[in-house]
């Protein structure tokens, strides 16, 4: 607003002064003048009337004019009507008119100044809003994720360049598209259900799904959307970000495939471990069979049965004079003692040969059992069945029993009564055979005079069975405990690091766990296989 001699404040002050002066003049004319004139004019008329004199014509005319004023003065309720054009009223009207015009001009100037200030403020805010929008668009363009804005129906109204790059779609033009049109057909049902639930609750929404691009490509995205509310709390649209996770999904798929291949390799390695143990035990039994066979061959070869034939021929030669032969012939006199000694020797050889034959029979039976067990495992691999825990431990021990006896390892059984478990027999035996075999190696390397392995079966809480293989062997250093189940880790020169790793994977697949504990080198070790109980199995103490 231009500044001049008459500012709005001065105009308002002048108008107020004029209005106050006009009001003062109007008040003075209304109170003083009407009262003084009637009294001064009425005094001669009253004097003549009291003296009884006839009034002149001009006084009568004056009396007629004064009488109404006196009456109005005596009776305030009946004032004399004054002319509207009296000088004071004219002055008041002119003052009020000038004051009104001045007030209007002043308000016009005031409103004009306020309007100018408002326009400047609007211009500043518009410029600031433009800068803010430009800053937002630059930030949105630099975001590594897609940014999209939709209305309440889900129709896209804005998308940043990264979002266009991921989705292959553009926002704008005569026909906008709804965001769910880009969802892969196989994911539409899950996305729609999850979106509807979040929209009803008015909460943020997050989901991983696939987008179908117009060029036929498919992209995995991780989308996070939040509703936009108006002042009444009604949803008017959504703002969402979506990140391209296609590479991550591909890496996860490759990792999953590698994990499956590793599981298969570890399982094959575990099967090889079992087969190696079987062959090792069968080899030990075959060694015993060879030893028994050699002993029997030597006994038969060195048998004195041929000498018995010579004695029989000598007796046959002197059949006609046997009494004389036994009485007088030196050979005849020694023959009864020789026959007695021969009988004792033959009885002893017979007994020893029977023992060797029994041992040979047991070894052959053990080989048949191991081979039959391996055949059953090969047929039933991957089959889940309900099995008693103690029987599983005994089967694993039977596969290692020959080497235990050969190396002089004492086996102690501590079996509590536990419910059966529903497991894959092949996997459990794979784990237990490897644990028992490792315990035997640990006892051998420990150098203890009394090698001992404890097989313990019991409950671990109310929903798990634990099978512990405890040895008094070489022990495990603390730094090795954290990596003993890692793939390829081993402390034996002939080890390959597959056994414990595959065992840990197999235990996890069955819903259990493979644990280890050792107090250090020379203190032995405890390996524990935990397996879940059957859901309906009661816990027995």
Self-check item: Test: residue in segment 470-481 that is surrounded by fewer than 16 Cβ atoms within 10 Å (Cβ to Cβ), out of contact with any helix residue (DSSP H, G or I) (no Cβ under 6 Å at 6 or more places or on another chain), in contact (Cβ under 8 Å) with a residue 60 or more places away in the chain and on the phi < 0 side of the Ramachandran plot
Solution: no
Quiz prompt | Residue among 99, 83, 77, 106 that alone is surrounded by 12 or more Cβ atoms within 10 Å (Cβ to Cβ) and modelled with pLDDT under 75 | solution = 99
Practice problem: Assess whether residue 463 counts as being farther than 26 Å from residue 407 by Cα and assigned by TED's automatic domain parsing to the domain that holds residue 401. | Solution: yes
Quiz item: Do we find that residue 427 is surrounded by 19 or more Cβ atoms within 10 Å (Cβ to Cβ), touching a strand residue (DSSP E or B) at 6+ places or on another chain (Cβ under 6 Å) and farther than 24 Å from residue 522 by Cα in this structure?
Solution: no
Quiz item: Can you tell which of 397, 392 is touching a residue at least 12 places away in the same chain (Cβ under 8 Å) and either crowded, with 19+ Cβ neighbours inside 10 Å or assigned to a strand (DSSP E or B) (or both)?
Solution: 392
Practice problem: Count, please, the residues in segment 358-395 that happen to be modelled with pLDDT of 70 or more and within 37 Å of the chain's Cα centre (by Cα). | Solution: 8
Exercise. With the checklist (1) touching a helix residue (DSSP H, G or I) at 6+ places or on another chain (Cβ under 6 Å); (2) at pLDDT 85 or above in hand, flag the one item residue 466 doesn't pass.
Key: (1)
Exercise. Tell me, yes or no, whether segment 441-449 has at least one residue that is touching a residue at least 60 places away in the same chain (Cβ under 8 Å), within 13 Å of residue 515 (Cα to Cα) and touching a strand residue (DSSP E or B) at 6+ places or on another chain (Cβ under 9 Å).
Key: no
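So that you can scan it fast, the table gives a plain yes or no per residue for (1) surrounded by 12 or more Cβ atoms within 10 Å (Cβ to Cβ); (2) more than 27 Å from residue 142 (Cα to Cα); (3) within 22 Å of the chain's Cα centre (by Cα):
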{"residue": "169", "(1), (2), (3)": "yes, no, no"}
{"residue": "172", "(1), (2), (3)": "no, no, no"}
{"residue": "178", "(1), (2), (3)": "yes, no, no"}
{"residue": "182", "(1), (2), (3)": "yes, no, no"}
{"residue": "187", "(1), (2), (3)": "yes, yes, yes"}
{"residue": "195", "(1), (2), (3)": "yes, yes, yes"}
{"residue": "217", "(1), (2), (3)": "no, no, no"}
{"residue": "221", "(1), (2), (3)": "yes, no, yes"}
{"residue": "227", "(1), (2), (3)": "yes, no, no"}
Quiz item: Mind checking which pairs have a first residue in segment 510-522 that is closer than 21 Å to residue 463 by Cβ and a second that is in a loop (DSSP other than H, G, I, E, B), Cβ under 8 Å, 6 or more apart or different chains?
Solution: 514/485
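The values are calculated or read from the model by the stated rules, or taken from the named source; none is laboratory data. All values derive from a computational prediction rather than experimental measurement. Ideal geometry is used to build each Cβ from the backbone, glycine not excepted, and the neighbour counts take in all protein chains shown.
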